[in-house]
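Here the structure is laid out as structure tokens; the discussion comes afterwards.
The values are calculated or read from the model by the stated rules, or taken from the named source; none is laboratory data. None of these values were measured; they are calculated from a predicted model. Here the Cβ positions follow ideal geometry from the backbone for every residue, glycine too, while neighbour counts run over all protein chains shown.
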Amino acid sequence: MELLKFNAEFDYSDYPQEKLEMIWETNMLRIKIKEEFEKEENFGKIKDLDGTIYAAKEIMIHTPAEHTMAGHKYDMEIQVLHVSIEGNFRNQAILSFLFKDEPGKQNVALSEWNLINLPNPKDRKVNDFFAKPLNIWKFLYDTSKLANPPPFNYFKYMGSMTTPPCEENIVWFIVSQPLNVGSTILSMIKDTLFAPGKTAYDKEPNYDGTNREVQRIRDRKVFFYDREKSCVPFKEPKAKEVGHWEKVVKDVDRYFFVKGAKPSNVPGTFVVSKDEAELGDYTASRNTDRYRLNNLN
């Protein structure tokens, strides 16, 4: 395994939840941009080291996971599918997160899903499953507490899609740190993938998983990006400062000389004595500071 000296660029921000839909498709859960927005929009981008830019278009959910690390199998994998912005749909990249079952644990992104309203084999599409805008960073970090998400460690290799027709030359980025998913959330996601009438609590559930079996590495090269050993020094991110902005508004009386006896009729002006105008060498005769608090949000 070779060490990557430089990091790809990952750029994600909030994407409106009303433009997304979740679909039960081919025994799998998929989150897609609605058709009327899909062509022009995306919910994030990856810029790879060769300059290729991939736009995030879809999320695929597999239980159990399709990748292993050090031989360990994980309970769920969430894959973010990116397509080249050049329009070549055979040029794709996938950012993948592995999850382990940890009772009582929560993931920020998953906690914002409406798990009561997941699609299933009978009702295959839902539109109101996100409580908040989608942000891929939330799988890794609590974005409300970080001004800028820090780089993360990952494995990278050239592989294939895990669903038919299993196209080759897919750039895979596998986040190396497994994430937590609560047992209840994991069971609810599994339940929606079961045959109608079956649940995760049945003694003999009709459920073989939605993952492809792990494939051999063969002659593929696997690279690893370690943020601590990168050529670009890693700096711990600063936490968002809690507070507010204050604005000072100054009301200033200004004086100006007008030739002739006729008033200028400039709105808000009136004639004053020479003594008052010359007081303070034509500077402000009074300042009144007012403070207005503006919440950061």
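Observations, loosely collected:
- Any hit, region 33-49, residues being crowded, with 17+ Cβ neighbours inside 10 Å, farther than 22 Å from Phe129 by Cα, in the same structural domain as Asn135 (by TED's automatic domain parsing) and of a type in the set (A, V, I, L, M, F, W, C): yes
- Out of Pro151, Pro165, sole residue that is touching a residue at least 24 places away in the same chain (Cβ under 8 Å) and in a loop (DSSP other than H, G, I, E, B): Pro151
- Inside region 66-86, residues that are at pLDDT 90 or above and under 21 Å from the mean Cα position of the chain (by Cα) make up a count of 9.
- Residues of region 73-127 that turn out to be small (Gly, Ala, Ser) and over 19 Å from Ile31 (Cβ atoms), as a count: 3
- Scope region 121-148; condition part of a loop (DSSP other than H, G, I, E, B) and surrounded by 16 or more Cβ atoms within 10 Å (Cβ to Cβ); matching residues: Phe129, Pro133, Asn135, Leu140, Tyr141, Thr143
- Those residues of region 100-120 which are within 15 Å of Gly182 (Cα to Cα) and part of a loop (DSSP other than H, G, I, E, B), in sequence order: Glu102, Pro103, Gly104, Lys105, Gln106, Asn107, Val108, Ala109, Asn114
- Subset of region 69-85 [more than 19 Å from Ile136 (Cα to Cα) and not in a strand (DSSP E or B)]: Ala70, Gly71, Tyr74, Asp75
- Leading residue by the ranking (modelled with the highest pLDDT) among those in region 158-213 that are hydroxyl-bearing (Ser, Thr, Tyr) and within 30 Å of Ile53 (Cα to Cα): Ser176
- Selection from region 229-280 of residues that are surrounded by fewer than 10 Cβ atoms within 10 Å (Cβ to Cβ), under 30 Å from Glu2 (Cβ atoms) and modelled with pLDDT under 60: Pro233, Glu236
- Check on Ser84, closer than 28 Å to Asn148 by Cα and exposed (fewer than 15 other Cβ atoms within 10 Å of the Cβ): no
- Count of residues meeting criterion [in contact with a Ser or Thr (Cβ under 8 Å, 6 or more places away or on another chain) and either under 23 Å from Asp101 (Cβ atoms) or of a type outside the set (A, V, I, L, M, F, W, C) (or both)] in region 155-168: 4
- Taking each residue of region 98-111 that is on the phi < 0 side of the Ramachandran plot and looking for partners that are part of a helix (DSSP H, G or I) and buried (at least 21 other Cβ atoms within 10 Å of the Cβ) with beta-carbon atoms closer than 6 Å, six or more apart or interchain, yields Asp101/Leu186; Val108/Lys138; Ala109/Lys138.
- Of the criteria (1) within 18 Å of the chain's Cα centre (by Cα); (2) not in a strand (DSSP E or B), which one Ile94 fails: (2)
- Residue selected from region 87-120 under the condition modelled with pLDDT of 85 or more and either aromatic (Phe, Trp, Tyr) or not assigned by TED's automatic domain parsing to the domain that holds Ser13 (or both), by the criterion surrounded by the most Cβ atoms within 10 Å (Cβ to Cβ): Phe99
- Test: residue in region 135-157 that is over 20 Å from the mean Cα position of the chain (by Cα), farther than 19 Å from Tyr12 by Cβ and not hydrophobic (A, V, I, L, M, F, W, C): yes
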